[in-house]
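Shown next, in structure tokens, is the structure this report addresses.
The values are calculated or read from the model by the stated rules, or taken from the named source; none is laboratory data. The model shown is predicted, which means the values in this text are computed figures rather than measured ones. Using ideal geometry, Cβ is built from the backbone for each residue, glycine included, and neighbour counts are taken over all protein chains shown. With ligands, DNA and RNA removed, areas are computed over all heavy atoms of the protein, side chains included. Shrake-Rupley method; radii C 1.70, N 1.55, O 1.52, S 1.80 Å.
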Amino acid sequence: MSAASAVAVLTASVAWVVSAGAAPGCTVLQVRNSGPGWTSALYRVSLPAAESVRIGALDHRLNALGYARSQGLAYGMAAFGPSGPFPDGAHVVTLDRSGRTHDLGPVRAGRVDTPWYPLAAPTAGAVKGNRWYVRQGAYLYAVDVDPTRPTYLSVLATTAIRSPHWPFGFGDFDVDPVDGELYGVSMTHRGTAAVARLDPVIGRVTELADAPGLPPSTYGSVAIGPDRALYVTADEAGGLYRVDRDGSVAKLAALPPMLGSDATGCLARVPSPQPPP
């Protein structure tokens, strides 16, 4: 091997070691609700560094956030807005990464001309492709978020959530980009937190592992990082945690207790500006 070849191999090996040791990360948007009658505060959270930057107060109280990567927008459900509760059900509000919002009105029950709006207060949400999966009670609703389709913001499917140990309530979930299923953390009938998977097609809940390192709490914010770990926020107990599928837990940051929270999935990376020639 020539000296130049040896240098090239060594350089490549060093680069591989550095990249392999670097922790993959991403940025999510998170809403935090501190009081029963207050609107949400918006934060930008870096994972796994767990650094939170407050963007500002919103005009709506948001929940069930999901991130539509192709649109660069988060979709959320608002129980009420600047004038109080909405009389026609929860409103869909889009949110960009800078905090700008747009109220799109209520979700329709599959027909444009229907007077019935099925969603009043969903608590969990995630977007897979152009389907926004939102949980309300014991049902999972698939809402169309493709703005080019006539069924935009209509319910495409309603699926009963089936769990062998019901109630198994998800405060939030996120879509795994590898297998396309929904993952979250919930308190079980045994009084411990557990990692669970939800099949969005048939509604089956599978408990994967207990997570005894998590405190008793609802987990209103769940985001799956590039490492496929779950990054979860304990609402009542406070704190941001990293949870593996086997139930192992690491606390990343202390957070004050809150009434509720919700988070998007990982935001698409913003391309870095090209250097001047």
Name the long-range amide H neighbours of PHE173: under 5 Å, sequence gap of 5 or more, or other chain; modelled H, no Pro or chain starts.
GLY125, VAL222
By the gyration tensor of its Cα atoms, with a ≥ b ≥ c the square roots of the eigenvalues, what is the shape of region 138-277: rounded for a/c under 1.5, prolate for a/b over b/c, or oblate?
oblate
Could you state the number of Å between the C-alpha centres of region 40-80 and region 120-182?
17 Å
Can you compute 3J(HN,Hα) from phi for each residue in region 47-57, using the Karplus curve 6.51 cos²θ - 1.76 cosθ + 1.60 with θ = phi - 60°, rounded to whole Hz and x for Gly and Pro?
10, x, 5, 6, 8, 10, 10, 6, 8, x, 7
Starting at the first residue of region 208-214, write each ³J(HN,Hα) from the Karplus equation 6.51 cos²θ - 1.76 cosθ + 1.60 with θ = phi - 60°, in whole Hz, x for Gly and Pro.
8, 6, 5, 10, x, x, 8
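Which peptide among 255-265, 194-204, 96-106 comes first, and what is the full order, when sorted by highest mean count of other Cβ atoms within 10 Å?
So the order, starting with the most tightly packed, is 255-265, 194-204, 96-106.
Where only protein heavy atoms count, and the probe is 1.4 Å, what is the accessible area per residue for region 26-263 in Å²?
Values: 9850 Å² over 238 residues.
In whole numbers, region 26-263 has 41 Å² accessible per residue.
Can you tell me which of 61-69, 122-130, 39-47 comes out highest on packing, and rank the rest after it, using the mean Cβ neighbours within 10 Å? Show your work: numbers first, answer last.
On the way: 61-69: 25.6, 122-130: 23.0, 39-47: 20.3.
Result, highest mean Cβ count within 10 Å first: 61-69, 122-130, 39-47.
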Mean separation of Cα pairs under 8 Å and 6+ residues apart, divided by the residue count of region 26-263: what relative contact order is that in percent?
15 percent
Distant-in-sequence amide H partners of GLY81 (H built 1.01 Å from N, under 5 Å)
PHE86
Probe radius 1.4 Å, ligands and nucleic acids ignored: give me the carbon and sulfur share of the accessible area of region 26-263 as a rounded percent.
55 percent
On the principal axes of its Cα set, how long, how wide and how thick is region 26-263? Give whole Å, largest value first.
49, 39, 32
